Amino acid sequence: MSNFTLLPRSFYKPPADVVARRLLGHWLLRASPEGICGGPIVEVEAYLTNDPACHAAVGPTSRNRVMFGAPGYAYVYFIYGCHFCVNAVCRPAGVAEAVLIRAVEPLFGEAIMRRRRRVSARSALTNGPAKLCEGMGIDSALAASDLCDAGSALFIARNPSLAQFRKQRGPLVRTARVGITQAAALPLRFYLSNSPFVSHRAAGRKLTASA
């Protein structure tokens, strides 16, 4: 996709909690025959090595094997028998960490997403990990997609107005993760508090946009 500058693989090599906050504001994009859809990431969660809530905590399996590979690939999983969630794999091969993308703003291809996900409230289109996957058409066919490849059907591109976007949607807030029971108190969720697409709001520590 020549119109977009993709984030390099080196972007994903740091620990997931570092990558998570740095991803905020950059564009998660889905390419399909219908066109491009997606937009800026506004809410994420980090899952770390030795984190009991991380899918890699059990060791390599057929489900999580992409997490143990090179950084910058998509870990897509099926949950509750009906929903998909998408993660960006972090750390060098052999160190399994990932960032769950929990919400995006529908900057590109909103009409495409609305055909896939019929909701009345615009904020309900992509304000949750399963919702954004449904709207963007992210499913098991996109498992292990190379997020750093311009020819991929799923990729993450640099927001050329990142500082301005973060200033408009900030402050950046760090809180505990949601929807989990293990290690639920760890402050590993990050979101831009003025985005209407954040799925859950909670009191947390405010960080600088560059943190």
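3J(HN,Hα) couplings calculated from phi for the range 99-108 with the Karplus curve 6.51 cos²θ - 1.76 cosθ + 1.60 (θ = phi - 60°) are, in sequence order, 10, 7, 8, 9, 7, 9, 9, x, 7, 10 Hz; Gly and Pro show x. Size descriptor for the range 1-68, Kirkwood hydrodynamic radius: 14.1 Å (Cα pairs only, one decimal).
As a proxy for reagent exposure, ranking GLU34, GLU110 by other Cβ atoms within 10 Å from fewest up yields GLU34, GLU110. Each helix, a run of at least 4 DSSP H residues, gives -39500 (n - 2.57); summed and divided by the residues of the chain, these come to -4000 deg cm²/dmol at 222 nm.
Let's test the formula: R0 of 41 Å, r as the Cβ-Cβ distance of ARG115 and GLN164. What FRET efficiency results, to the nearest 0.05? It comes to 0.85.
Between GLN182 and THR61, the modelled labels are 0.9 nm apart [label points 7 Å from Cα along Cα→Cβ].
Here are a few candidate values for percent of Cα pairs over 21 Å apart: [x] 53; [y] 48; [z] 71. Which one was actually calculated from the structure I just gave you? Among [x] 53; [y] 48; [z] 71, the one derived from this structure is [y]. Positive contributions from Lys and Arg (+1) and negative ones from Asp and Glu (-1), summed over other residues with Cβ under 12 Å from the Cβ of SER161, come out at +4.
A Gaussian network model of the chain, with springs between Cα atoms under 10 Å, assigns the largest mean-square fluctuation among ALA20, ALA46, ALA176 to ALA176. Per-residue 3J(HN,Hα) values for the range 31-47, derived from phi via the Karplus relation 6.51 cos²θ - 1.76 cosθ + 1.60 with θ = phi - 60°, read 9, 8, x, 7, x, 8, 9, x, x, x, 6, 10, 8, 9, 9, 9, 10 Hz in sequence order (x marks Gly and Pro).
Only Lys, Arg, Asp and Glu count, each charged at its Cβ (+1, +1, -1, -1), so figure out the dipole size of the chain about its Cα centre, rounded to 20 debye. If you can, show how the numbers build up before the last one.
Numbers: 26 positive and 12 negative charges, 117 e Å.
The dipole magnitude comes to about 560 debye.
Laboratory data are not the source of any read-out in this text; all were calculated from the coordinates shown. Everything numeric in this text was worked out from a predicted model, so none of it was measured. Every residue, glycine among them, receives a Cβ derived from its backbone with ideal geometry; neighbour counts consider all protein chains shown.
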